[in-house]
Every structure is written in structure tokens, then in C-alpha cells.
Amino acid sequence: MKNLLAQVYAPQNFRQQAHELVDILADYLQAAQNQDFSQAIPWQEPHNSLAYWQADFAEDLLANPNDLFRKIIEKSTHLHHPRYMGHQVSTTAPLASLTGMLTGLLNNGMAVYEMGLVSNPIERIVSDWLAQTLGYQTLGGGLLTSGGTLANLTALLAIRAGKSPNDVWSEGTSEKLAILVSEEAHYCIDRAARIMGWGAGGIIKIPTNDRFQMRTELLEQYYQTAQLAGYQVVAVVGSACSTSTGSYDDLGAIADFCEKHQLWFHADGAHGGAVAVSDKYKHLIKGIERADSIVVDFHKMMMIPALCTALLFKRPDDAFQTFHQKAQYLWDNPTSNDWFNSGKRTFECTKLMMAVKVYAMLRTYGEAVFSELIDTLHDLAGEFAQMVQNRPNFELAVVPQSNIVCFRYMADNQENTNELNAQIRRKLLEKGEFYIVQTTLRNELYLRVSLMNPMTSQADLEVLLNEIEQLGTQLQTK
Ligand SMILES: *Cc1c(COP(=O)(O)O)cnc(C)c1O
């Protein structure tokens, strides 16, 4: 072997680097959890960050790659910091990350059974476990894929394959198909409809009520209007929950409507489908078992590193109708519905062994670990909402149903409230001690937290509100 390649694959090098890296990562976890890092986000302007890494790239080769890894840790957003409460990405379980190191090295590509001897059966078990937890009676209709965006697109393609009067796969489509979704649905649903060529008319948005849930009593009216305009409505997508405010649509009402008109009911549970594991919170997704297809992200509420998403079909055969492609070199029989050849049902050909991370969690901690997380984060959001309501200068957008809370600080002059909250959020970002985000609801700007980290305490949240209050006062007296 050539010299460099010999170094690359030398087991003793790996052993030494990996031992050291695990120590570095354990130190990171400890520092983050104890808040020894003063910042949850070490904010840099993009051009500064680029300049830093360009300078790094120009340096001599590393004697030890761990020097690089230390820098990457230092400069990254620290999701394990209790004051990280930004976007809905999980505070990864260290065990799941270790599993990622294992599967990264093994690198079994999964598309065909022979390249996923372990990961294909494990994916089947994990998706069956989730399907059962969500209340599906027939198992075998699940698959894992890279993210909720791709999973929702895959579901919509299956809907089109199932509901279009044409054989779209062979003939293309000129039909005017459409879906009904809440105006608060994740943007990837809109994007998926447009990718499929349905245009703006193919995605019909139903207004939401004061809790940002789909006004299901309007479904009939929007359905009739669309049909009259020449669209064939094929599905309703329910959000469980919506991204901005974490509001759950009434899935039972959507299921009733879909049954009445023989439409496909797709439940986008990317964020909130995971509440199925919690006795306390599973009522939020009542009716999800009546959905024809469901998406759940493991990398949001189940502590798994991104990306790791389940797409479940109520009728297993539906999982196979999306991609009818022949790939002679991959499959002996392109039309058989074999669960163990993962690539028949996914966009991806080569695919990460992602189910193994979930499986390792289930085998080590049991499903109770997921319900503990759900309950902890949802309880905390309820407490935070109460804290916001107890402060006179603050306003809650809506009483939260999930672990997402939107709120704002009221300016002395109401007209300045949007601008003031944008400034507060910007100051918090630059300071980096807390990481929170913002969202716009009915043209009003709100601060938004997703409580993702079970180590976030009520005390952290009190400090956050104090900081916001302080910034709000300072910014107004300038
Ligand atoms: C996050 C989210 C998505 C997108 O999932 P990704 O895994 O980020 O691609 C879709 N729908 C909902 C409701 C979400 O919360």
C-alpha cells in the first residue's frame, strides 16, 4: 500500500485518534451542560467565519486531526448547552452519536439487501415499532429516509401514484391535481407540490383559527371551490404539529373529511409525531392512526443525530407504488414488493444506516427514554408559557400545545413592537448566551423558543426573560 493510504487505514492510528476524540467530546458535553461555555452560540458574521476557515485551510497539514476537531467544536452552535433553544434539532443522545461513528465506518449502503444485511432488518423493526406505537394495525409499510422534507415529498409522490387517474410514471402528468393543507404547514409541503409540477394552484391553503390550527370546518368549502375550478383534490395534509407555533391540527376531523370524499390523509408529524410514545401527550395526535401515511423525524424529538426520518404507510403496498423503475443491476425482480431492498421505496440509492441509531437507543434504554424526553420538554414549555404570562410586559402568541413557545415583549408604543423584538433577538444572537429564533404570525413578529434540551431549567428561562426585559428597556431609552 502507498504510504498515505497505509496511514489512513492503520488501526493503531484510528485507535489513538478515536480515544482522544471521545475524551474531547466528553469534555464538550460536560462544558456545555455545566455552562462552562458562556455561549450557546458563538455568533460570527458569515464573512468573518469564512475568513477564519479560509485562513485555517491555508495552514500546514495537521499533525493531529483532533486540533481541527477542537476548533470545530468551539466555533459551532452548542446544542447541548441548556440555553440552546433555537431550531427544532435534537440534543443528540451521546449513544446515538457513537452509533453514528460505528455505522459511518461500516458504511453499508442499504439500497439492496446484500449491502444492508443488518440495517435492512433493523429498519423494518424500527419502522414497525413506530407504526405500532402510532396505532397502525398492519405493519411492514414503513421506511426511513433522509429528513422530513424528503419524506413528505416521497409521501406526496405516493399519493399522486395512488390517486392520479393517469399512470404518471410512464405518461407524465397534465392533470390539475391539488392538496389541501393548513396555511401553517411546513414550507416543504408547498415545495413538494411545486416540485411535482402542480404549481401554486395545486396547494390550497386553509386558514387557521386563533390557536393556529387548520379550520377544518372550512375544508368542504375549499374543496368544492377547487373542484369547480377544475382541480382534482387528492389529499389533505394535517400538521402534527405546525412548525412556527407547534399547533396540532384536528386529525380526527381531517380523517372524517378524507373518508367522506375518499381523499388521501397524510399526517406530517415530523416534529410532533413522537408524542405517540407519551401516555401524557399522545392525545394530541388522536386520529393519526387513520392517516394513510405519516412522517416522523427521529432527529427532532427523539435525540437521534440528523438526518433520520420515518415515512409510514398504512397499507404496505402503497410504499412500493412510487418508484416503478427498473434497475437491472440492483434487483432481480423490479416489481416484487420486497421490504429488504430499501432502495425500491426511497429516493436515495446509497443510504445511511440510520435505523441502527434508533435501535441502539431502544435496546439500551427502552422506549421509556423517548417518553421521558417528550414529557420533560412539554411540561417545561407549559411552565415557560406561565412565566411569560406572569410578566406584564410580555405577551404569549398562543398557549403552547408542544415544546414550541412564541411570545413577545411589548413596546411602550405598540407600533414599535415588531421592530423592538427583532432588535432584541439580534442582540441576543450577538451576545450568544442564549440561542432563540423568531417567527412572523399574522404579520406580527414573535420571539420563538423550541425547548429541545432536557437540561434546560426553569432558572435558565427566568434569566432569558430577564435579559429580554433588560434589552427591551435599554433599546427603548436610546
Ligand atoms: C421540521 C419539519 C419538516 C421538515 O423536516 P426536515 O427533517 O427538517 O427536512 C416538515 N414538517 C414539519 C411539521 C416539521 O416540523
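Computed from the coordinates by the stated procedures, all read-outs in this text should not be read as laboratory data. Being a predicted model, the structure only gives us computed values, none of them experimental. Cβ placement follows ideal geometry from the backbone for every residue including glycine, while neighbour counts extend to all protein chains displayed.
For the stretch 433-472, which semi-axes, largest first and in whole Å, follow from the square roots of 5 times the eigenvalues of its Cα gyration tensor?
On the way: eigenvalues 81, 42, 10 Å².
Calculated on Cα positions only, the semi-axes equal 20, 14, 7 Å.
Dividing the alpha-carbon radius of gyration of the stretch 368-477 by 2.2 N^0.38 Å (N being the number of residues), what value is obtained?
Values: Rg = 13.9 Å, N = 110, 2.2 N^0.38 = 13.1 Å.
Dividing the Cα radius of gyration by 2.2 N^0.38 Å gives 1.06.
With all projection directions averaged, the alpha carbon convex hull of the stretch 1-58 covers 6.2 nm². Per q in 0.07, 0.11 1/Å, what log10 I(q)/I(0) does a Debye calculation on the alpha-carbon atoms of the chain return? Calculated log10 I(q)/I(0) at the listed q: -0.41, -1.00. Ranked by how many other Cβ atoms sit within 10 Å of their own Cβ, fewest first, the residues 417, 245 fall in the order 417, 245.
Counting only DSSP beta bridges with both residues in the chain, the antiparallel share comes to about 55 percent.
Restricting to the stretch 102-365, compute how many DSSP beta bridges are antiparallel as a %, nearest 5. All intermediate terms of the calculation are to be shown ahead of the outcome.
On the way: 10 of 27 bridges.
Of the beta bridges lying entirely in the stretch 102-365, close to 35 percent run antiparallel.
Residues 282, 314 in ascending order of nearby Cβ atoms (within 10 Å, fewest first): 282, 314. Residue-normalised convex hull volume from the C-alpha trace of the stretch 212-307: 109 Å³ per residue. In the chain, a dipole from Cβ-located charges (positive for Lys and Arg, negative for Asp and Glu) runs towards its positive end, and of 385, 368, 140 it is 140 whose Cα lies farthest in that direction. Centre-to-centre, using Cα atoms only, the stretch 133-207 and the stretch 47-83 are separated by 39 Å. Each of 171, 395 was scored by other Cβ atoms within 10 Å of its Cβ. Arranged with the fewest first, they read 171, 395. Stokes-Einstein diffusion for the stretch 135-238, with the hydrodynamic radius set to the Kirkwood value over Cα pairs and evaluated at 4 °C in a medium of 1.567 mPa s, equals 88 µm²/s.
Please count, across the stretch 102-365, the pairs of lysine residues with Cα atoms under 17 Å apart that sit 8 or more places apart or on different chains.
8
Of the Cα atoms belonging to the stretch 102-365, the radius of gyration and Dmax stand at 17.9, 56 Å.
Reducing the stretch 230-272 and the stretch 85-104 to their Cα centroids gives an inter-centroid distance of 29 Å. Both the radius of gyration and Dmax for the stretch 1-144 are 20.0, 59 Å, in that order, over alpha-carbon atoms.
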